[in-house]
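First the structure, in the form of structure tokens, and then the observations on it.
The values are calculated or read from the model by the stated rules, or taken from the named source; none is laboratory data. Computed from a prediction, not measured in an experiment: that's the story for all the values here. So basically every Cβ, Gly included, is an ideal-geometry build from the backbone, and we count neighbours across all protein chains shown. For the accessible areas, the whole protein counts, side chains as well, though only heavy atoms, and no ligand, DNA or RNA atoms are used. Shrake-Rupley method; radii C 1.70, N 1.55, O 1.52, S 1.80 Å.
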Amino acid sequence: MVGVHSGCLVLVNARHPIRDTSRPALAPAAPGSGVLLEKRASAMLTGALERLGAVGEIVPVSGYRSEAEQREIWDSSMAENGEDFTRKFVAAPGCSEHQTGLAIDLALRAEDIDFIRPDFPYGGVCGRFREIAPDYGFIERYPAGKEDITGIAAEPWHFRYVGRPHARLMRDMGLTLEEYVEFLRGYPYPGRLLSTSNGGYDALIGFACSYEPEEHRAPCQVSGNNVDGYILTLWRLPA
């Protein structure tokens with residue numbers, strides 16, 4: 001059974017640290033890359049890059065990190081860049097999405113790539129990636145103008161896998177993951193569900209404080225929100 005602290009929609013930030021410390025099943029983030037991602041996220045990222053013909057042009061910089069690796073990056077940045085910079089661009093150990101395997105930092109291919117702030121412009125192939133990313137379940141996690149909500153400075157290079165149709169909904173409504181988790185509280189399962197169409201299927205989405213496995217007439221995906229409950233996504237063919 002999926003726990004409150006696991007799943008593709010877990011909210012990880014300074015207020016909601018990682019509780020599920022198990023290592024996810026991992027795979028290369030892109031063909032030939034040594035950077036790793038959770039297996040489903042890896043497959044979807046590879047699909048997006050192949051659709052664009054951008055394998056090797058858009059390169060993974062950082063994906064899954066253990067807490068020890070996050071601690072090393074945090075400590076190194078503190079020593080080299082100072083506290084103000086580090087708190088803006090590096091999540092504290094235990095509070096980094098990278099530890100879930102669901103986050104990826106991307107860069108436009110270059111001879112020298114900044115590990116903490118890689119260049120990922122809004123035009124060209126990077127802009128085209130942003131356009132199709134929600135179709136593959138990815139959101140730009142830390143957009144400009146939302147710093148007070150996310151607690152992290154704008155990071156155009158940092159993408160988070162949340163799955164479809166959630167990525168599309170967040171993009172279309174202009175919501176961060178923090179805002180989306182709160183928004184879904186208005187759709188208590190099973191009484192009131194958010195309905196959306198996605199790739200030939202209808203999706204019904206709702207929030208539940210508790211969840212017990214049960215039979216559904218439609219496939220059901222369950223994710224904890226890492227706060228206080230579950231987000232349920234039921235798929236069905238359009239009527």
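Tell me which strands (runs of 3 or more DSSP E) are completely within region 124-239 and hold 3 or more residues being closer than 28 Å to LEU49 by Cα and without any contact (Cβ under 8 Å) to a residue 40 or more places away in the chain, or say none if there are none.
Numbers: elements: 138-142, 155-161, 194-198, 201-208, 220-224, 230-236.
So the answer is 138-142, 201-208.
Hey, among the residues in region 71-105 that are within 25 Å of PRO28 (Cβ to Cβ) and of a type in the set (A, V, I, L, M), which one's farthest from the chain's Cα centre (by Cα)?
Step by step, filter region 71-105, then rank; the result is ILE73.
How many residues are touching a helix residue (DSSP H, G or I) at 6+ places or on another chain (Cβ under 7 Å) and hydrophobic (A, V, I, L, M, F, W, C) when one looks only at region 46-64?
Residues meeting the conditions: 5.
Pick from region 4-23 the residues that are closer than 21 Å to LEU184 by Cβ and in contact with a Phe, Trp or Tyr (Cβ under 9 Å, 6 or more places away or on another chain): which of them is surrounded by the most Cβ atoms within 10 Å (Cβ to Cβ)?
In this case the residue turns out to be LEU9.
Within region 131-156, work out how many residues are open to solvent by 40 Å² or more (accessible area, probe 1.4 Å) and either out of contact with any helix residue (DSSP H, G or I) (no Cβ under 9 Å at 6 or more places or on another chain) or on the phi > 0 side of the Ramachandran plot (or both).
Total meeting the criteria: 5.
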